[in-house]
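Structure, as structure tokens:
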Amino acid sequence: MNQYYILKPKKLNLKYLVNKYNPNFNFNIDFAYFIFHLMIIYRNENTEDSITRLSSKFLQKMNRNYNLHIDFLLENFPCDGSVLKGNRYSVDKPFGYRFSNYYNTNEFEIYTITDKVLVPKIQKMFSTKINENLRLQYYFLLKHFKKDKLTVSQPSILMNEINALPSNKKRIRNAKNIIKIMNGEYSCTLKPDTDGRVHSNITRLSKISRKYLQHNGEYLAEVDISSAVPFILFLTMKMYLDNNNSYLASNFQYSNTITYMLDEVTGDIDKSELRNFGNAVISGSLYEQFSDLILNEKLYTDKGYKFEKVVSYYNYSFKKQFGYNFDGDMSDLKKYAKKRMLSMIFAKSNSYTFEQIVFNELYPSLLKFINEFKNVEQYIDDESTKIAPKDKHKKLAYFCFQFEAKMMIDKIAREFDKLNKGKIPVYSLHDCLITTSGNVELLKDFMQNKFIEMFGTAPNLTIEKSPLSIVHSIAS
């Protein structure tokens with residue numbers, strides 16, 4: 001049966017309202033629910049209550065009696081109230097609507113549209129569109145994004161987990177992308193001038209949602225680089241120290257800029273310090289080193305800071321990240337330290353002062369290199385680097401992400417696909433690659449060997465399988 005999946009407010013039961021108030025026209029429940037779906041997917045993710053503007057011309061193409069449907073949904077029924085609120089008319093803007101307070105709970109469920117006239121119209125509207133350059137360059141990745149291959153297991157159970165997410169933004173984003181996968185609508189984009197990454201339905205999902213994904217009925221599994229950004233910095237500084245910048249200069253969008261930036265860095269890197277840094281990155285102990293020192297009072301007081309101010313600063317950002325105050329849980333502290341360190345690395349060199357004090361205690365010459373790298377002025381002969389002077393620090397983030405994309409997609413995923421003649425799926429997720437559970441060990445071994453071939457060393461690689469696949473194997 002031709003069908004289309006959409007999102008609807010969990011509390012909303014239109015059949016009840018239609019049966020009770022009996023509209024005097026042919027009320028199409030599927031079309032009405034589709035209106036709600038549009039309001040959900042086009043609403044502002046950052047607000048709890050916002051108006052969604054919908055074009056009347058578009059709605060009329062979907063159903064010529066669209067205005068009668070809207071009037072019914074705006075009607076303030078006795079005891080039940082209205083489904084929709086909002087100002088229908090706004091100067092120079094389409095009509096705007098929002099859910100009434102009772103239905104505006106941000107809890108969704110999946111509804112299946114089966115109307116044989118409406119479904120083809122919707123499918124035409126949301127047909128997959130992928131940039132041709134991306135298709136040509138990364139077909140080996142895109143070919144696995146097919147409705148009959150990439151599917152969602154137990155979608156109703158997944159929606160319950162999504163509804164439990166604390167962030168309104170994450171709820172909407174995950175719900176939207178799960179529905180797109182269920183409908184076979186794939187959106188893949190490439191940003192070569194900035195991060196160089198391939199962004200897809202998978203990269204836009206939280207871990208909680210990815211565990212429900214299957215390829216040909218088999219759950220997916222991830223091979224992840226632990227401490228990916230520090231590992232990239234380690235490789236970069238090692239190449240810089242060995243005067244081996246040819247790899248860096250020939251593999252990135254900002255090739256001239258990278259060479260220029262490295263030439264402009266004047267700080268000497270201590271070899272033993274870099275070696276210790278590399279060992280910490282590869283062993284997975286770097287963030288623990290940082291967390292062990294982050295609350296060391298003497299580090300800050302020696303620099304003239306009052307420790308109470310430091311603690312207050314960290315408490316504020318910790319609560320913002322976790323939603324509660326630090327209670328002594330060291331695993332939380334390690335996660336927190338990781339985020340603070342990465343934020344410091346990518347931020348302006350005059351910010352994250354306290355984090356820099358900690359990092360400087362561990363690796364002073366590396367911190368100097370990182371800050372000098374971020375502060376190098378734009379390479380004037382490279383027209384592709386259109387970055388404002390106030391944003392020059394962003395070139396480090398762009399460089400790291402492009403390095404990551406070149407490694408993971410062009411050098412590893414592409415060759416893995418070629419070696420296996422396209423028969424084993426591989427999906428990219430920034431600093432990790434994804435395949436089916438049965439092939440994940442094969443992918444990890446390939447990655448390990450490829451890293452050693454390219455750089456003489458490999459990062460710490462970890463496998464993460466969907467807990468649903470583990471349950472499934474035990475049950476079978």
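Find all pairs meeting these conditions: Cβ atoms under 7 angstrom apart; at least six residues apart or on different chains; first residue within the stretch 62-83 and touching a residue at least 60 places away in the same chain (Cβ under 8 Å) and under 26 Å from Gln123 (Cα atoms); second residue of a type in the set (Lys, Arg) and surrounded by 14 or more Cβ atoms within 10 Å (Cβ to Cβ).
Met62/Lys121
Give me the pairs, please: first residue somewhere in the stretch 361-374 and touching a residue at least 24 places away in the same chain (Cβ under 8 Å), second residue anywhere and of a type in the set (D, E, K, R) and surrounded by 20 or more Cβ atoms within 10 Å (Cβ to Cβ), beta-carbon distance under 9 Å, and either six or more positions apart or on two chains.
Phe373/Lys395; Lys374/Lys395
From the set of residues in the stretch 388-409 that are among the basic types (Lys, Arg) and either within 30 Å of Val223 (Cβ to Cβ) or under 20 Å from the mean Cα position of the chain (by Cα) (or both), which is least open to solvent (accessible area, probe 1.4 Å)?
Among them, the one singled out is Lys395.
The rows are residues; the columns are (1) surrounded by 13 or more Cβ atoms within 10 Å (Cβ to Cβ); (2) at pLDDT 90 or above.
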position: Glu45; (1), (2): yes, no
position: Lys61; (1), (2): no, yes
position: Arg64; (1), (2): no, yes
position: Ile70; (1), (2): yes, yes
position: Asp80; (1), (2): yes, yes
position: Tyr89; (1), (2): no, no
position: Gly96; (1), (2): yes, no
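Determine whether Arg204 is in a loop (DSSP other than H, G, I, E, B), within 20 Å of Met39 (Cα to Cα) and touching a helix residue (DSSP H, G or I) at 6+ places or on another chain (Cβ under 6 Å).
yes
Yes/no per residue for (1) closer than 25 Å to Arg275 by Cβ; (2) among the polar types (S, T, N, Q):
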| residue | (1), (2) |
| --- | --- |
| Tyr314 | no, no |
| Asp332 | no, no |
| Leu342 | yes, no |
| Ile345 | yes, no |
| Ser351 | no, yes |
| Phe359 | yes, no |
| Asn371 | yes, yes |
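Does any residue in the stretch 428-454 that is touching a residue at least 24 places away in the same chain (Cβ under 8 Å) come within less than 6 Å, Cβ to Cβ, of a residue that is crowded, with 19+ Cβ neighbours inside 10 Å and among the aromatic types (Phe, Trp, Tyr) six or more places away or on a different chain, and which pairs are these?
Taking only residues 6 or more apart or on different chains, the pairs are Ile434/Tyr427; Ser437/Tyr219; Phe446/Phe416.
How many residues are in contact (Cβ under 8 Å) with a residue 24 or more places away in the chain, open to solvent by less than 20 Å² (accessible area, probe 1.4 Å) and closer than 21 Å to Phe234 by Cβ when one looks only at the stretch 324-354?
The number of residues fulfilling the criteria is 4.
Test each condition in (1) under 17 Å from Phe140 (Cβ atoms); (2) surrounded by 16 or more Cβ atoms within 10 Å (Cβ to Cβ); (3) over 21 Å from the mean Cα position of the chain (by Cα) for Ser469 and report the one that comes out false.
Result: Ser469 passes all but (1).
Give, as residue ranges, the helices (runs of 4 or more DSSP H) completely inside the stretch 56-152 that count at least 1 residues that are farther than 24 Å from Lys170 by Cα and polar (S, T, N, Q).
56-62, 66-74, 118-125, 132-137
Hey, can you tell me all the residues within the stretch 192-237 that are at pLDDT 90 or above and of a type in the set (Lys, Arg)?
Arg204, Lys207, Arg210, Lys211
Select from the stretch 115-134 the residues that are more than 20 Å from Tyr42 (Cα to Cα) and surrounded by fewer than 14 Cβ atoms within 10 Å (Cβ to Cβ) and list them in ascending order.
Residues satisfying the conditions are Lys116, Val117, Pro120, Asn131, Glu132, Asn133.
So which residues in the stretch 153-183 are part of a loop (DSSP other than H, G, I, E, B) and either open to solvent by less than 20 Å² (accessible area, probe 1.4 Å) or in contact with a strand residue (DSSP E or B) (Cβ under 7 Å, 6 or more places away or on another chain) (or both)?
Ser153, Asn183
Go through the stretch 290-323 and report how many residues are without any contact (Cβ under 8 Å) to a residue 60 or more places away in the chain and either touching a Leu at 6+ places or on another chain (Cβ under 7 Å) or of a type outside the set (S, T, N, Q) (or both).
Total meeting the criteria: 23.
The values are calculated or read from the model by the stated rules, or taken from the named source; none is laboratory data. Everything numeric in this text was worked out from a predicted model, so none of it was measured. Cβ: placed from backbone, ideal geometry, glycine included. Neighbour counts: every protein chain shown. For the accessible areas, the whole protein counts, side chains as well, though only heavy atoms, and no ligand, DNA or RNA atoms are used. Shrake-Rupley method; radii C 1.70, N 1.55, O 1.52, S 1.80 Å.
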